[in-house]
1. Counting other Cβ atoms within 10 Å of each Cβ, which trypsin sites (Lys or Arg not before Pro) in segment 1-34 have at most 14 and sit in a DSSP loop?
2. All other residues with a Cβ under 12 Å from the Cβ of residue 170 taken together, and with Lys, Arg as +1 and Asp, Glu as -1, what is their net charge?
3. If Rh is defined by the Kirkwood formula over all Cα pairs and Rg also comes from Cα, what ratio Rg/Rh do you get for segment 3-178?
4. Is it possible to state the helix-based mean residue ellipticity at 222 nm for the chain, with each DSSP H run of 4+ residues giving -39500 (n - 2.57), the sum divided by total residues, to the nearest 500 deg cm²/dmol? What is it?
5. Looking only at 44, 56, 142, which one moves most when the chain is put into a Gaussian network model with springs between Cα atoms under 10 Å?
6. Among 68, 164, 17, whose Cα lies farthest out toward the positive end of the dipole of the chain, if unit charges sit on the beta carbon of Lys, Arg (+1) and Asp, Glu (-1)?
7. Quickly rank 157-163, 30-36 as a protection proxy: mean count of other C-beta atoms within 10 Å, highest first.
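Bear in mind that the values in this text are calculations on the coordinates, not laboratory data. Small disclaimer: the values here were computed from a predicted structure and weren't measured. Don't worry about glycine lacking a Cβ; one is built from the backbone with ideal geometry, like all the others, and counts go over all protein chains shown.
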Amino acid sequence: MKKSYKVSIGGTVASLSLLLMFLTSIFPFANYALPAIAGLLLIVIVVEINKKYALVVYLAVSLLSVVIVPMKEPAFLYAAFFGYYAILKSVLEQLKNRAVEWTLKLLVFNVSMASVYLLMIYLFRISEVINDFNDTAKYSLVVFWIAANGVFIVYDIALSRMIGTYINWFRPKYLKKFH
């Protein structure tokens, strides 16, 4: 595979991901959706090139997002979870035991999300996050966390279907001339 091909795919995915991260400033209600979509774009690199190259693109987008994107919560969400999850998913799904696979997926999700919010609240003192949690009772936080895990499971299943669609439909139909 030519280096120029790798660079062009990497640059395109990185620029689209960064654009999505900037759009969180225009559409703040999409603080979770846009970083998740930006992370989905790494599927192209994982499939077309390799996981190591996808990791480089993830690191570049994460660093640029945290430094230059005005909305810090989505940037941290991308860096702490959504950006690398498509890469990690390809590794975890090679495990033979589905119970271990899902346990690890849920563990990664919960540790990542807890870490990013604790960092935003206690280290970076991002006031919007503190205000969001101060307005809610401790029980609503538990309900939110349970719902977040449910949404993560749906996200993972949707991601699997999107990967299948990319490999089995989009790639043969639109990318066959590039290989």
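1. Details: sites: 2, 3, 6; in loops: 2.
Filter output for segment 1-34: 2.
2. Details: positive: 171, 173, 176; negative: 48.
That works out to +2.
3. Rg/Rh: 0.99.
4. -24000 deg cm²/dmol, from helical runs alone.
5. 142
6. Of the options given, the answer is 164.
7. 30-36, 157-163
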